[in-house]
Amino acid sequence: MSIYDQKPQRFLKRLHRKIENPHTRLYCAGFELGEWRCKQFAFHLAEWLPDYALPEEELRFDHGNVLVKLNQAAVRVYTSTKYASRGEAGEIALHAICRDFFKTIPLSPRVFYKSASNDVVKAFDMVHARFPSDGSVQIWLGESKLFKSGASAIADAIKSIKLHIDEGFLSNQKLLLGPQIPKSTPRYDEIMQLFSRQESLDTLIKNAVFVVGILCDSKAVSAAKEHGQSYFEAAIGELEAIETKLSASGLPTKLKLVLAYIPLASKKEFVSSFDNRLKGLQ
């Protein structure tokens, strides 16, 4: 049994359309007593902290050191008091969705790209592997945007992805990420071949899935008190607006893309709740 077979219990709910684009998905934290579950969502992200921040060899712990491990994970995310504009809560949410709903495994904890805990990293927000039933190997490269506006979030995500498929950036990422992939990773040799200097970038792109996570203020969430039909239709409308902008960018014709939309009642309150939970573990 792999250490990555162990996961926190599912919290987010995926909402379906009858006829939907399988690569575009809506996830919601849900409601409780008429309120959007902001603090509960922040708690769930804290459950994923070790999986997000610790390498595989540090994930085996027990009741004797569980608090130490949680502390180590929390400190590696960030310790800064200037948390309002940080995006780690969105990155952990995207990490959790990919691990939980798509059964990916991390190839390298993102926090390991940092030279210090509070660095803001210019790289993919997530690097996972997935092994579909057809026998292929997929490299999942994540881009998470935690903004107040959905339109601004998807515009920035499109800009980032276009920069990230630049030849120079991808070549540097291959050199940076390859040596960090643990030898215990399933199908290690096949994955390392994708990251080798001698392999064409075209091969990496062919095997890559670019995952876009959008978290932003939502009028649908603000107006709702439960998962009713009116909430569903309004939230799906927001998802479709984001999807339209992504399609207009031309990226879906060049890359394999997955869009995950997570509507928030308030980005400000969500980031504050996550920061309180994180600092409580430091």
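The values are calculated or read from the model by the stated rules, or taken from the named source; none is laboratory data. Note that the coordinates shown come from a computational prediction; the quantities given were computed from them, not determined experimentally. Neighbour counts are summed over all protein chains in view; Cβ atoms, including those assigned to glycine, are modelled from backbone coordinates with ideal geometry. Protein only, heavy atoms only, side chains kept; ligands, DNA and RNA dropped before computing areas. Shrake-Rupley method; radii C 1.70, N 1.55, O 1.52, S 1.80 Å.
Distance between the C-alpha centers of region 161-190 and region 14-49? Whole Å please.
After rounding, the separation between the Cα centres reads 30 Å.
Heavy atoms only, probe 1.4 Å: what % of the accessible area of region 1-116 goes to carbon and sulfur, would you let me know?
Reported share for carbon and sulfur atoms: 53 percent.
Quick one: with all protein chains in place, what share of the accessible area of region 217-282 is carbon or sulfur, to the nearest percent (1.4 Å probe)?
Ligands and nucleic acids excluded, carbon and sulfur give 50 percent.
Top to bottom by accessible area (1.4 Å), largest first, where do Phe131, Phe101, Phe195 land?
Reading off the accessible areas and sorting them downward yields Phe131, Phe101, Phe195.
With contacts defined as alpha carbon pairs under 8 Å and 6 or more residues apart, what's the relative contact order of the chain in percent? Don't jump to the answer; show the numbers that get you there.
On the way: 423 pairs, mean separation 73.8, N = 282.
That works out to 26 percent.
Given Asn172, Ala151, Ile92, which one lies farthest toward the positive end of the charge dipole of the chain, if we put +1 on the Cβ of every Lys and Arg and -1 on the Cβ of every Asp and Glu?
Ala151
Taking only protein heavy atoms and a 1.4 Å probe, what accessible area per residue, in Å², does region 1-49 have with all protein chains in place?
59 Å²
What value, in deg cm²/dmol to 500, does the helix sum -39500 (n - 2.57) over DSSP H runs of n ≥ 4 give at 222 nm once divided by the residues of the chain?
It lands at -13000 deg cm²/dmol.
Among DSSP bridges having both ends in the chain, what percentage is antiparallel? Round to the nearest 5. Intermediate results must be reported in sequence, preceding the final value.
On the way: 12 of 32 bridges.
Here the share of antiparallel DSSP bridges comes out near 40 percent.
Under a 5 Å amide H to amide H cut-off, with H placed in plane at 1.01 Å, what residues pair with Ser144 once short-range neighbours are removed?
For Ser144, whose amide H was placed from the backbone, the distant partners under 5 Å are Asp125, Gly213.
Which entries of Lys13/Lys145; Lys39/Lys159; Lys174/Lys256; Lys162/Lys256 show an alpha-carbon separation above 25 angstrom in the structure shown?
Over 25 Å Cα-Cα: Lys39/Lys159.
Gain in length, Glu240 to Ala151, computed as 0.36 nm per residue apart minus the alpha-carbon separation, to one decimal in nm?
Values: separation 89, 0.36 × 89 = 32.04 nm, distance 1.15 nm.
Between Glu240 and Ala151, full extension yields 30.9 nm more.
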